[in-house]
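A.B. asks: Next up is a structure, given as structure tokens.
Read the figures in this text as sums done on the coordinates, not as results from a lab. Quantities reported herein were computed from a predicted structural model and do not represent experimental measurements. Methodologically, a virtual Cβ is constructed for each residue, glycine included, from the backbone with ideal geometry; neighbour enumeration extends over all protein chains shown.
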Amino acid sequence: MFGIFKTKKNYENLSATAFKQMMKDHPEAVILDVRTASEFKQGALPKAKNIDLMDAQFSQKINALDKTKPYLVYCRSGNRSGSACKFMGENGFTQVYNLAGGMMGW
């Protein structure tokens with residue numbers, strides 16, 4: 001009866017170990033950093049693409065990406081990346097993975 005209040009999560013949270021393994025196993029995956037540009041400049045994962053979740057153009061930039069590729073998404077703590085993953089899953093992306101704990105857990 002209360003199942004109507006449950007929303008299906010359309011992305012998967014990964015530990016840092018699983019995230020690193022996914023990067024290794026799927027070199028075609030897009031590594032997406034959703035922190036601010038200044039956070040990104042302070043240090044980012046190799047090959048990461050920066051699209052700030054707080055940017056007014058975030059949804060347009062995300063929707064311009066190839067929805068068939070796997071996406072490994074992270075931020076500082078995992079909250080913004082979780083929001084980004086949720087948005088991506090709701091907009092047709094089928095392979096979306098969030099770094100649980102973000103860079104703090106890396």
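A.B. asks: In nm, to one decimal, how far is the THR17 label point from the GLN60 one, both placed 7 Å along Cα→Cβ?
C.D. replies: 4.3
A.B. asks: Return the distance in nm (one decimal) between the two label points of a simple spin-label model at ASN50 and GLU90, each offset 7 Å from Cα along Cα→Cβ.
C.D. replies: Between ASN50 and GLU90, the simple spin-label model gives 2.6 nm.
A.B. asks: With mean projected area of the Cα convex hull in nm² as the read-out, I listed (i) 7.2; (ii) 7.8; (iii) 8.7; which label goes with the value calculated from this structure?
C.D. replies: (i)
A.B. asks: Right, something else. Just to confirm the filter: which trypsin sites (Lys or Arg not before Pro) across the range 45-106 are DSSP coil and have at most 15 other Cβ within 10 angstrom of their Cβ?
C.D. replies: Listed in order of number, the matching sites are LYS47, LYS67.
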